[in-house]
Amino acid sequence: MNIVVRWILYSLTIVFIAWLIPGISVSSFVTALFVSVLLGLINSFLKPILLFITLPINFLTLGLFTLVINAFLLWLAGYFAPGFSVDGFWSALLGSLILSALSIPISSIGDDT
């Protein structure tokens, strides 16, 4: 049950980000549900590979290059998800920052520790 609640909250977060940032748009809540699953898959499989490849530059920038990677992955989700678009790097960067900040309390829902 916790996974369904988190999925809905992540989708609501995506809708909120699309409402807040002019360069990001989502056509419906069903699209936001699909985008949240797609972002989960991208972050599970592609992000570790990108972080490993960019480890030297990430080390030199003290981890700040991870923000660029997160922006790229959000833009990539916008490229593959119909009904979800991310226009430009700065919209993707701001959207990924807000998504990361709001994901912290969502991910702690249902933790009994």
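The values are calculated or read from the model by the stated rules, or taken from the named source; none is laboratory data. Here the structure is a predicted model, which is why all the values come from computation and not from measurement. Virtual Cβ from ideal backbone geometry, glycine too; neighbours counted across all protein chains shown. Just so you know, the surface numbers come from the protein's heavy atoms only, side chains and all, with ligands and any DNA or RNA stripped out. Shrake-Rupley method; radii C 1.70, N 1.55, O 1.52, S 1.80 Å.
Expressed as a whole number of Å, what is the distance separating the alpha-carbon centroids of segment 1-46 and segment 65-113? The two parts, judged by their Cα centres, are 9 Å apart. Solvent-accessible area of the chain (1.4 angstrom probe, protein heavy atoms only): carbon and sulfur portion equals 78 percent. Modelled label positions at Ile57 and Leu97, each set 7 Å beyond Cα in the direction of Cβ, lie 1.9 nm from each other. Probing with 1.4 Å while keeping every protein chain in the model, the per residue accessible area of the chain equals 62 Å². A straight chain from Ser28 to Leu46 at 0.36 nm per residue would run longer than the Cα-Cα distance by 3.9 nm. How would you classify segment 1-87 from its alpha-carbon gyration tensor, with a ≥ b ≥ c the square roots of the eigenvalues: rounded for a/c under 1.5, else prolate if a/b is greater than b/c, otherwise oblate? Prolate, since a/c reaches 1.5 and a/b exceeds b/c.
For the chain, relative contact order (Cα pairs under 8 Å, six or more residues apart, normalised by length) works out to 35 percent. Extending 7 Å from Cα along the Cβ direction at Ser107 and again at Ser85 yields two label points whose distance is 3.1 nm.
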